[in-house]
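In what follows, a single structure is set out as structure tokens and then discussed.
The values are calculated or read from the model by the stated rules, or taken from the named source; none is laboratory data. The model shown is predicted, which means the values in this text are computed figures rather than measured ones. When we count neighbours, we look across all protein chains shown, and the Cβ atoms used for this are built from the backbone with ideal geometry, even at glycine. Calculation scope for accessible area: heavy atoms of the full protein, side chains included, ligands and nucleic acids excluded. Shrake-Rupley method; radii C 1.70, N 1.55, O 1.52, S 1.80 Å.
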Amino acid sequence: MKVKIHTLFQYLLETTDAAPEAIVGFSLSASPTLGDFLKDLDPDQSLDWNNRDFRGLPELRAHVLAQAGLTALCKSEDVLITAGAAEANYLAIMQLLQPEDEIVIETPGWPQAEVLAKAIGAKITKVHRREEESWRLPLDRLAEAVTDRTKMIFVTNPNNPTGDLLGPEEMDELVRIADRVGAWLLVDEVYAGLEWEGARAPAVAGLYPRGITTGSVSKALGLQGLRTGWLICQDRALVMDAVILRENSSEIMNIMGEIIAEVALRPDRYGPAMARARKEGAANLQEIDRWVAAQEGLSWVRPRAGLIGLGRLPQGIDSDAFARRLLEEPYRTFLLPGSAYEQPNHIRLGVGGGASVNLDEGLSRLSRALKDWPAN
């Protein structure tokens, strides 16, 4: 089994040293500094592991359940702290899927599940979200794709990268589809809590015994560098399988990630941090909305949640060529081409980063590059 690189990560690797002066497409909220947490940290804290529970600090796991609305539905033992949502997804997929098993995934969507399923030798069925349908997840087509051989369904909610949002009724229907064949239902919720239309959807771990919720402090709280996330599932055997696999990879959580994440998720800090993230994200979303409307030939489906969406380029512009040209003089601006999500006529637009991301300048340079494109 060899895990091969996906297009998104390939592009990031190839452009890491580009040193852009502006970014359009920031995918996480403004990041706090270490100084913001110093008063809550103990200078005598041991840098050994937590020495309390291999599943993670109990108080951190309690906060994870609280922010997901699962305190009354799940127990602390249902939570495993992981190195970001990516490790949580990895542990679940690698322990549940076997060669020839079937997995149903969405596209566009987060590419990790497809990469891992290919490495395992599982059969992949894709359900296509369509731009002309506002990127909504077509539950009727998903139901047709699920068979008695389906072992897992993997989706993101809010959707990464379109910003579509499944509501409570749609989540209930998704659970019914999975339950019909006894499939696992893995929902990556890294953008949960950043809804622009409607309320936060219920976490699948509280809806279905085989429901797996993954998330992290990376996106909404801007704490990507902590590499702290979680897996929640009421199936204790699955949680233990994840612990066993993690023992053979990252082994244990980094103690500073756990401690700072626990502080960040305390109710007196989490509420204000999320309110600030929503305020800043909404302001940037409004700015991009106005900008898109003013660009000839450019369009997008406004995200209903999360910090990113897909903009459709004017006809005849290839997203890869355009993104690479944008990194050069005189633009020096970074954005992610839609090919990273199998959407080559699109670019990823982001509303994260708060005021510090200097979105005005990035959009101005992007406008100039679009106008200059025929000459390029």
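On a 0 to 90 degree scale, rounded to 10, what angle separates helix 58-67 from the longest Cα axis of the chain?
Long axis of 58-67 versus the principal axis of the chain: about 50 degrees.
Helix 236-247 versus the longest principal axis of the chain: what angle, 0 to 90°, nearest 10, using Cα atoms?
For 236-247 against the chain, the angle is about 70 degrees.
Taking θ = phi - 60°, what integer Hz values does the Karplus form 6.51 cos²θ - 1.76 cosθ + 1.60 yield along segment 280-287, in sequence order, with x for Gly and Pro?
Values, residue by residue: 5, x, 5, 5, 5, 5, 5, 5 Hz.
Name the residues whose placed amide hydrogens come within less than 5 Å of the amide hydrogen of His346, ignoring near sequence neighbours (fewer than 5 apart) on the same chain.
Under 5 Å from the amide H of His346 lie the amide H atoms of Leu313, Ser319, Gly338, Ser339, each far enough along the sequence or on another chain.
Where a ≥ b ≥ c are the square roots of the eigenvalues of the C-alpha gyration tensor, would you call segment 117-271 rounded, which needs a/c under 1.5, or, failing that, prolate if a/b is larger than b/c, or oblate?
In terms of gyration-tensor shape, oblate.
Calculate one ³J(HN,Hα) per residue across segment 142-148 by plugging θ = phi - 60° into the Karplus curve 6.51 cos²θ - 1.76 cosθ + 1.60, and present them in order as whole Hz with x for glycine and proline.
Each residue's phi maps through the Karplus curve to give 5, 4, 5, 6, 7, 10, 4 Hz.
Just check segment 203-250 against the gyration tensor rule for me: Cα atoms, a ≥ b ≥ c as the square roots of the eigenvalues, rounded for a/c under 1.5, and otherwise prolate or oblate depending on whether a/b exceeds b/c.
Since a/c reaches 1.5 but b/c is at least a/b, the shape of segment 203-250 is classed as oblate.
Beta carbons within 10 angstrom, averaged per residue: use that to sort the peptides 36-43, 222-229, highest first.
222-229, 36-43
Amide H of Ser299 versus every other amide H placed in the peptide plane: which residues, excluding those fewer than 5 positions away on the same chain, fall under 5 Å?
Hits under the 5 Å cutoff: Arg312.
With axes computed from alpha carbons, what is the tilt in degrees of helix 84-96 against the longest principal axis of the chain, rounded to the nearest 10 within 0 to 90?
Long axis of 84-96 versus the principal axis of the chain: about 60 degrees.
With Cα extents along the principal axes in Å defined as stated, name the option among (i) 60, 54, 40; (ii) 66, 41, 38; (iii) 78, 53, 39 computed from the structure displayed.
Among (i) 60, 54, 40; (ii) 66, 41, 38; (iii) 78, 53, 39, the one derived from this structure is (i).
Measure off, as a whole percent, the carbon and sulfur share of the 1.4 Å-probe accessible area of segment 31-137, all protein chains present.
Taking all protein chains in place, segment 31-137 shows 51 percent carbon and sulfur surface.
What number, rounded to the nearest 500 deg cm²/dmol, is the helix-based mean residue ellipticity at 222 nm of the chain, given -39500 (n - 2.57) per DSSP H run of at least four residues and division by all its residues?
Rounded to the nearest 500, it is -11000 deg cm²/dmol.
List the longest stretch of the chain that has no exposed loop site; here a site is one of the GluC sites (Glu not before Pro) assigned by DSSP to anything other than H, G, I, E or B, with at most 10 other Cβ within 10 Å.
The answer is 1-250.
In segment 261-357, which trypsin sites (Lys or Arg not before Pro) fall in coil by DSSP and have 16 or fewer other Cβ atoms within 10 Å?
Arg332
Per residue, how much accessible area does the chain show when a 1.4 Å probe rolls over the protein heavy atoms, in square angstrom?
43 Å²
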